[in-house]
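Read through the structure below, which is laid out as structure tokens, and then see the notes.
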Amino acid sequence: MRSAVIQQPARSLRPNPAALAAAGMVVVALLAVSMARIGGYSPVQSLGASGVAQSRLLRFEGDTQGVAVIDAKSGALITHTSAVGFIPGVLRGLNRMRQTELAKASDAYRLERLNNGQLLLVDTASGVSLDLAAYGRDNAASFLRFLSPSGDQN
């Protein structure tokens, strides 16, 4: 009996066009990032690059109806917010961080508006600083109104 020889199909030595395109995109991306870094671009922005234009120490006290916003220096009530929304949500996250730092929930927060327009909420207990604009313009505006004593409740 005669054995049959099975022939393998011939392999092409030409590279796959899709693989070439992918490799080209990787090379272009690496060149673009390299040129940006050599040119002095840094993806990390410094929070201390601008001076503080306005600041206020605040305390937040939660209850079943919402959150009382209090001027930490005078003890005056600024306003009372609802139990849902952006302000209570931010405070829940910051209070969780305070629990890991063994800080008191009654410690003050510092709300700062920088000369460049940036709005920061700084936890004086843990040192955590939040750029409120990262959460959207409307959410940042909900904190911005606390800087003005003219809107405080008595």
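On inspection, A125 does not qualify as small (G, A, S), under 21 Å from the mean Cα position of the chain (by Cα), surrounded by 13 or more Cβ atoms within 10 Å (Cβ to Cβ) and at pLDDT 85 or above. Pairs are defined by a Cβ separation below 6 Å, a sequence spacing of at least 6 or placement on different chains, a first member in the range 78-90 that is closer than 12 Å to F143 by Cβ and at pLDDT 85 or above, and a second member that is surrounded by 19 or more Cβ atoms within 10 Å (Cβ to Cβ) and of a type outside the set (A, V, I, L, M, F, W, C); the pairs so defined are I87/T81. Specify the residue that is surrounded by the fewest Cβ atoms within 10 Å (Cβ to Cβ); the eligible residues are those in the range 1-50 that are at pLDDT 70 or above, closer than 30 Å to Q118 by Cα and of a type in the set (V, I, T). Here the residue is I38. Scanning the range 72-115 for residues that are surrounded by fewer than 14 Cβ atoms within 10 Å (Cβ to Cβ) and in contact with a helix residue (DSSP H, G or I) (Cβ under 8 Å, 6 or more places away or on another chain), we see that the one that is nearest to A125 (Cα to Cα) is K104. If you go through the range 57-71 and keep only what is within 16 Å of V90 (Cβ to Cβ) and in contact with a helix residue (DSSP H, G or I) (Cβ under 9 Å, 6 or more places away or on another chain), you end up with L58, F60, G62, G66, V67, V69.
The values are calculated or read from the model by the stated rules, or taken from the named source; none is laboratory data. Just so it is clear, the structure is predicted and the values come from calculations on it, not from any experiment. Glycine also receives a Cβ, built like all others from the backbone with ideal geometry; neighbour counts cover every protein chain displayed.
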